[in-house]
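The values are calculated or read from the model by the stated rules, or taken from the named source; none is laboratory data. Keep in mind it's a predicted model, so treat the numbers as computed, not measured. Positions of Cβ are generated from backbone atoms using ideal geometry, with glycine treated the same way; all protein chains shown enter the neighbour counts. Quick note on the areas: whole protein, heavy atoms, side chains included, nothing else; ligands and nucleic acids left out. Shrake-Rupley method; radii C 1.70, N 1.55, O 1.52, S 1.80 Å.
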Amino acid sequence: MSDDDASRTDAHTAFLRLLHAQRVWDTELPGFDPATAPDAPVPLFHAWFAEAVAAGQPEPHTMALATVDAYGHPDVRTLMLHDADERGWRFATHATSAKGHQLAAHPHAALTFYWPVQGRSVRVRGPVALGSAEESRADLHARSTGALASGLVGRQSEVLDDLGELARASDAAWRRAQDEPGAEVASWRRYVVQAQEVEFFQGDARRRHVRLRYRRRGAGWVRELLWP
């Protein structure tokens with residue numbers, strides 16, 4: 001074995017040792033009685049979100065968004081939730097971004113929220129609808145100056161030649177966002193995941209996890225427990 005191979009082997013062994021040493025839910029977790037769950041998923045999501053905030057969960061509004069590309073290959077990234085109500089779970093991005101192109105071609109998505117402070121996760125699946133121009137405009141300007149500046153930079157998912165180019169574009173966008181708080185971003189779109197399935201997962205230290213799934217049926221929902 002060469003020195004390089006030995007070094008890689010040692011590094012991988014160290015990684016595995018560190019990986020396997022990590023604890024899972026090394027804390028007291030809340031209980032969850034699915035018999036007390038509401039008839040629809042949104043009220044339960046609102047309640048769990050509020051409890052995650054109260055428990056000190058960092059950035060509980062972040063979520064993973066999964067889409068598929070033109071070849072049917074999965075893609076996933078982390079972004080922020082902008083709203084959740086009876087119509088669905090909302091987020092926003094550039095229509096010209098990778099996820100924007102993917103949603104235009106295949107308008108279905110899945111979301112995952114993970115709140116490890118409480119050992120909880122929520123999964124959402126369903127078709128994706130595009131919000132109106134008015135909704136997209138309101139979404140852009142309801143957020144911070146930094147969010148508007150980021151939108152004004154644009155070019156999301158394009159190849160970047162160097163970080164200096166990004167710094168210059170970002171500085172210019174911040175100045176414009178401060179000078180023109182009503183500036184428009186033509187590519188900005190609001191999307192809504194119209195849930196067909198929503199699953200609530202409550203972890204248990206003894207691995208007796210509780211999984212409650214809501215499935216859309218007509219105008220209502222079917223609730224069912226799943227084996228962990």
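Before moving on, here are some points about what is shown:
- Rounded D (µm²/s) - the range 1-131, Kirkwood Rh over Cα pairs, Stokes-Einstein at 25 °C, 0.890 mPa s: 138 µm²/s
- Between Arg77 and His101, the simple label model (points 7 Å from Cα in the Cβ direction) yields a spacing of 1.1 nm.
- Residues Gln196 and Thr36, FRET efficiency given R0 of 22 Å [Cβ-Cβ distance, rounded to 0.05]: 0.40
- Overall, the chain carries a charge dipole of about 860 debye about its Cα centre when +1 sits on the Cβ of Lys and Arg and -1 on the Cβ of Asp and Glu, all other atoms neutral.
- Between Val53 and Arg176, the modelled labels are 3.3 nm apart [label points 7 Å from Cα along Cα→Cβ].
- Separation between Cα centres of the range 152-177 and the range 85-146, rounded to whole Å: 23 Å
- Virtual paramagnetic centre 7 Å along Cα→Cβ of Leu226, amide N under 13 Å, in the range 57-100: none
- Cα gyration tensor shape of the range 96-135, rounded if a/c is under 1.5, else prolate or oblate by comparing a/b with b/c: prolate
- Trp174 - accessible surface, heavy atoms, 1.4 Å probe, Å² rounded to 10: 110 Å²
- FRET efficiency, 1/(1 + (r/R0)^6) with R0 35 Å, evaluated for Ala142 and Asp204 via beta carbons: 0.35
- Largest to smallest accessible area among Asp139, Asp10 [probe 1.4 Å]: Asp10, Asp139
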